[in-house]
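Structure first, then comments.
Bear in mind that the values in this text are calculations on the coordinates, not laboratory data. Please read all numbers here as calculations on a predicted model, not as lab measurements.
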Amino acid sequence: MNNETQFKPIPDGVKTPKMIEVEQRIGRALEHDYGLNYLHGTMGQKRLASRWGVPRALIFGPLAGRRRSWAQRLCLAKKAMHSVPDRRENAARGCEICRNTDVPPESAHWIAKRDGGTSSPFNILKLCPNCHSLLDREDEVTTGHACAILLWRAAESFVSKAERGAQVQQQFLELCTSIIRSRPMEIAPQRTGTSDTMQRQQTLTATACAAPSMREPGTPPQE
């Protein structure tokens with residue numbers, strides 16, 4: 001076998017035909033889908049493999065011989081167990097909006113279960129019954145505060161990462177965009193006496209809402 005006919009391995013960072021086929025089927029780059037649904041979403045390895053339609057080992061390994069998994073080829077980050085704040089800490093502080101500690105907080109969904117909402121930390125808030133009811137009724141002030149909390153939580157989870165490349169930035173923007181566009185809302189004005197943390201959360205929400213679309217090219221807008 002001469003050098004011209006000898007098999008040459010695909011270098012890391014270059015996508016195989018199978019990877020490109022999966023991207024075309026799911027309508028998103030593998031790196032972005034991996035970050036949105038696995039790293040910062042609710043999917044485990046098996047569910048992600050099922051979504052992509054390939055064996056789990058092909059994505060995460062191990063593979064026989066010297067074959068490298070897709071995660072290795074694309075330099076995908078490993079899932080960090082500490083990347084998302086423990087929701088038990090949120091419960092200990094009481095309601096995440098009004099800070100009421102007199103009643104046990106309830107798990108409130110940003111996207112309702114009936115609409116496909118998950119138990120992801122980026123879709124669940126710990127709220128007192130009153131704030132929970134206001135959120136379900138789409139009260140503008142409560143909805144604005146809830147969105148700010150989720151965006152701040154997303155920002156904290158990404159700040160803790162060692163990697164700060166364009167891929168991580170894109171994943172962060174996609175996560176924030178998905179939170180913002182899940183509910184129509186007006187950003188609540190800052191009130192006198194609002195804590196510094198809440199003011200930063202509101203500023204982040206207003207900035208993100210004003211940002212241009214971060215959809216993949218060719219992806220239709222969400223209604």
Quick shape summary for the range 17-73, equivalent ellipsoid via Cα gyration tensor, semi-axes whole Å in descending order, reads 18, 14, 10
Along the range 125-142, Karplus-curve 3J(HN,Hα) (6.51, -1.76, 1.60; θ = phi - 60°) to the nearest Hz, with x for Gly and Pro, reads 10, 9, 10, 5, x, 5, 5, 4, 5, 5, 5, 5, 8, 6, 4, 4, 5, 5
Step through the residues of the range 67-78 one at a time and calculate ³J(HN,Hα) from phi using the Karplus curve (6.51 cos²θ - 1.76 cosθ + 1.60, θ = phi - 60°), rounding each to whole Hz and writing x for Gly and Pro. 5, 9, 6, 5, 4, 6, 4, 9, 6, 7, 5, 7
Backbone HN-Hα couplings from phi across the range 172-183 [Karplus 6.51/-1.76/1.60, Hz, Gly and Pro as x]: 5, 5, 5, 5, 5, 4, 5, 5, 5, 7, 6, 9
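Quick one: which of K18/K113; K15/K113; K46/K79; K78/K126; K15/K78 span more than 24 angstrom between C-alpha atoms?
Values: K18/K113 34 Å; K15/K113 36 Å; K46/K79 14 Å; K78/K126 28 Å; K15/K78 19 Å.
Beyond 24 Å: K18/K113; K15/K113; K78/K126.
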